[in-house]
Amino acid sequence: MDLLSDCARERILIIDGAMGTMIQQFHLAETDFRGSLFADHQGDLSGNYGILSLTRPEIILEIHRKYLEAGADIIETNTFTSTSISQEDYGLGSIAGEMSRVSAEIAVRAAREFTARDPSKPRFVAGSIGPMNKSLSLSPDVNNPGFRSVTFDEVAASYYEQIAALTEGGVDLILLETIFDTLNAKAAIFAFKRFYRETGRKELPIMISGTITDGSGRTLSGQTLEAFYISIMHAQPISVGLNCALGGKQMRPYIEELSALVPCLVSCYPNAGLPNTFGEYDESPEETAAVLEGFARDGFLNIAGGCCGTTPEHIRLIAEAVKDIAPRPLPVEAKLPATA
C-alpha cells in the first residue's frame with residue numbers, strides 16, 4: 001500500500017491497543033452477547049467478543065473511536081477469534097464470515113471518519129486474524145503426540161473465508177497476529193495468496209506478528225525468531241513483529257534481533273507488562289510508553305502499540321513518546337538469513 005508505506009517512511013506508526021480489555025470495562029452480561037439475534041441460541045455466548053460486532057456494534061465502534069482519538073494510525077478489526085474453527089466453540093461457525101465482514105465495516109467507518117477530519121493523518125484498518133484455538137504443530141492429547149484435531153486444509157479453508165469477509169468489509173491490510181504456531185500461520189498465508197489469486201483482486205498488504213512465549217526466545221511451537229522469519233518471508237509482508245505474551249521489557253532482546261534481521265517494517269505491540277496472579281495487567285501507560293520510546297530511540301521500531309491490558313491512554317502516551325523519533329530505516333537491500 002503506497003500511502004501506508006509513505007506514512008511509515010515519515011514517522012513511527014501507531015497501532016491500537018487491546019480490544020478485550022476495553023470490552024471488559026463495559027461489564028457486559030450474557031444478554032448483551034446474545035442480543036435479539038441469538039436470544040434462543042443454545043449454549044453460553046458470554047466472552048465471545050467477536051459476536052458483539054453483531055449484537056452490540058455501538059460498543060465496538062466506540063472503542064475504535066477511542067483508540068483513534070488517542071492517536072492510532074492503524075486500528076484492528078474485532079475479529080481475532082472470528083474464524084469458523086474458533087467459533088465452533090460457541091456453535092457459531094456458520095456465521096463467522098458475517099462476523100468478520102460486519103466487524104470490518106464498523107472499523108472502516110470509524111477510520112474514515114477520522115481521516116475525513118484530518119486528511120493529513122490518514123487512518124488505516126487492519127483485518128485482525130488470530131492464531132485459532134487449534135494447532136497444526138501441537139497435539140491436544142499429551143498421550144498421543146501425533147494426534148491433530150484439525151488438518152492443514154481445514155485451517156486454510158477457515159482462514160480463506162475470513163480473509164474474503166475482511167476484504168469485502170473494506171479493510172486496508174491484513175494482520176496475521178499472535179502467531180505461536182507457524183504452521184497455522186503458513187496455512188493463513190496460503191489462504192491469503194489463494195484468495196487474491198482466485199478472485200483477481202489486488203493483494204492487500206499483510207502484517208505478520210509472532211509471539212515469544214517465554215525467556216527461551218522461541219515460539220510455542222519451538223522456532224527461533226530467525227526460523228520463524230524464514231518460514232513466513234515468502235509472504236513478502238509489509239511488516240514483521242512481535243506482540244502479546246510478554247511485556248515490553250521482556251521483549252527487548254527479541255525486537256532488537258528482529259530489527260537487524262528483516263528487510264521490512266518492524267512492529268512491536270506488547271502487553272501492559274506480565275499478568276499478575278489475578279490475570280490482570282498492572283503496567284501503567286507511562287511505563288509502557290517509556291519502554292517503547294526506548295526501543296524507538298535505539299532504532300528498532302516502525303510500528304508501535306499495545307496488546308493485552310493496554311488502553312487508549314497507553315496508546316496516547318506511546319504516540320506522544322515516539323512522535324519526534326525517526327522510524328527505523330529499512331535496509332537498502334534485503335538481508336536474507338543464510339541458508340545451507
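The values are calculated or read from the model by the stated rules, or taken from the named source; none is laboratory data. What you are looking at is a predicted structure, and each value in this text was computed from that prediction instead of being measured. Quick reminder, even Gly has a Cβ in these numbers, built from the backbone with ideal geometry, and neighbours come from all protein chains shown.
Being touching a residue at least 40 places away in the same chain (Cβ under 8 Å) and either hydroxyl-bearing (Ser, Thr, Tyr) or in contact with a strand residue (DSSP E or B) (Cβ under 6 Å, 6 or more places away or on another chain) (or both) is the filter here; which residues of the stretch 272-294 pass it?
Answer for the stretch 272-294, where residues must be touching a residue at least 40 places away in the same chain (Cβ under 8 Å) and either hydroxyl-bearing (Ser, Thr, Tyr) or in contact with a strand residue (DSSP E or B) (Cβ under 6 Å, 6 or more places away or on another chain) (or both): 272, 281, 288, 292.
Counting just the residues of the stretch 177-214 that are in a strand (DSSP E or B) and not hydroxyl-bearing (Ser, Thr, Tyr), which one comes out nearest to residue 163 (Cα to Cα)?
Residues of the stretch 177-214 that are in a strand (DSSP E or B), as a first pass: 177-179, 206-210.
In the following step, the residues that additionally are not hydroxyl-bearing (Ser, Thr, Tyr) were identified as 177, 179, 206-208, 210.
Numbers: 177: 13, 179: 16, 206: 11, 207: 13, 208: 14, 210: 18 Å.
Here the residue is 206.
Among the listed residues 94, 120, 128, 137, which satisfies the condition of being surrounded by fewer than 17 Cβ atoms within 10 Å (Cβ to Cβ) and under 19 Å from residue 244 (Cβ atoms)?
So the residue among 94, 120, 128, 137 that is surrounded by fewer than 17 Cβ atoms within 10 Å (Cβ to Cβ) and under 19 Å from residue 244 (Cβ atoms) is 137.
For the stretch 135-163, give me each residue that is in contact with a Phe, Trp or Tyr (Cβ under 6 Å, 6 or more places away or on another chain) and at pLDDT 95 or above.
Selection gives 156, 160, 163.
Suppose we filter 137, 120, 82 for residues that are free of Cβ contacts under 8 Å to residues at least 12 places away in the same chain and assigned to a loop (DSSP other than H, G, I, E, B); which single one remains?
Values: 137 fails: free of Cβ contacts under 8 Å to residues at least 12 places away in the same chain; 82 fails: free of Cβ contacts under 8 Å to residues at least 12 places away in the same chain.
Sole residue among the options that is free of Cβ contacts under 8 Å to residues at least 12 places away in the same chain and assigned to a loop (DSSP other than H, G, I, E, B): 120.
Yes or no, residue by residue, for (1) modelled with pLDDT of 95 or more; (2) among the aromatic types (Phe, Trp, Tyr); (3) at positive phi; (4) surrounded by 12 or more Cβ atoms within 10 Å (Cβ to Cβ):
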position	(1), (2), (3), (4)
3	no, no, no, no
10	yes, no, no, no
27	yes, no, yes, no
34	yes, no, no, yes
56	yes, no, no, yes
60	yes, no, no, yes
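Which residues, counting only those in the stretch 50-88, are over 18 Å from residue 171 (Cβ atoms) and of a type in the set (Ser, Thr, Tyr)?
Of everything in the stretch 50-88, those that are over 18 Å from residue 171 (Cβ atoms) and of a type in the set (Ser, Thr, Tyr) turn out to be 55, 84, 86.
Residues to consider are 23, 51; find the one that is closer than 21 Å to residue 283 by Cα and either at pLDDT below 95 or not in a loop (DSSP other than H, G, I, E, B) (or both). Even if it seems obvious, please write down each step before you answer.
On the way: 51 fails: closer than 21 Å to residue 283 by Cα.
23 is the lone residue from the list that is closer than 21 Å to residue 283 by Cα and either at pLDDT below 95 or not in a loop (DSSP other than H, G, I, E, B) (or both).
Give the residues of the stretch 159-171 that are outside any helix (DSSP H, G or I) and surrounded by fewer than 20 Cβ atoms within 10 Å (Cβ to Cβ), sorted by residue number. Talk me through it step by step, then tell me what you get.
Step one: of the stretch 159-171, the residues outside any helix (DSSP H, G or I) are 169-171.
Within the stretch 159-171, 170 is the sole residue that qualifies.
Can you tell me which of 118, 181 is of a type in the set (Asp, Glu), over 14 Å from the mean Cα position of the chain (by Cα) and more than 17 Å from residue 64 (Cβ to Cβ)?
Working: 118 fails: more than 17 Å from residue 64 (Cβ to Cβ).
Only one candidate qualifies: 181.
Here's the yes/no breakdown for (1) touching a residue at least 40 places away in the same chain (Cβ under 8 Å); (2) in contact with a Gly (Cβ under 9 Å, 6 or more places away or on another chain); (3) not hydroxyl-bearing (Ser, Thr, Tyr):
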| position | (1), (2), (3) |
| --- | --- |
| 191 | no, no, yes |
| 194 | no, no, yes |
| 198 | no, no, yes |
| 207 | yes, yes, yes |
| 210 | no, yes, yes |
| 213 | no, no, no |
| 220 | yes, no, yes |
| 226 | yes, no, yes |
| 232 | yes, yes, yes |
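Taking the condition of being touching a Phe, Trp or Tyr at 6+ places or on another chain (Cβ under 9 Å) and under 24 Å from residue 127 (Cα atoms), how many residues in the stretch 33-44 meet it?
Counting residues in the stretch 33-44 that are touching a Phe, Trp or Tyr at 6+ places or on another chain (Cβ under 9 Å) and under 24 Å from residue 127 (Cα atoms) gives 1.
Inside the stretch 208-222, can you point out the residues that are out of contact with any Asp or Glu (no Cβ under 9 Å at 6 or more places or on another chain) and within 14 Å of residue 183 (Cα to Cα)? Working first, answer last.
Taking the stretch 208-222 and keeping what is out of contact with any Asp or Glu (no Cβ under 9 Å at 6 or more places or on another chain), we get 212-216, 218, 222.
Listed by number, the list holds a single entry, 222.
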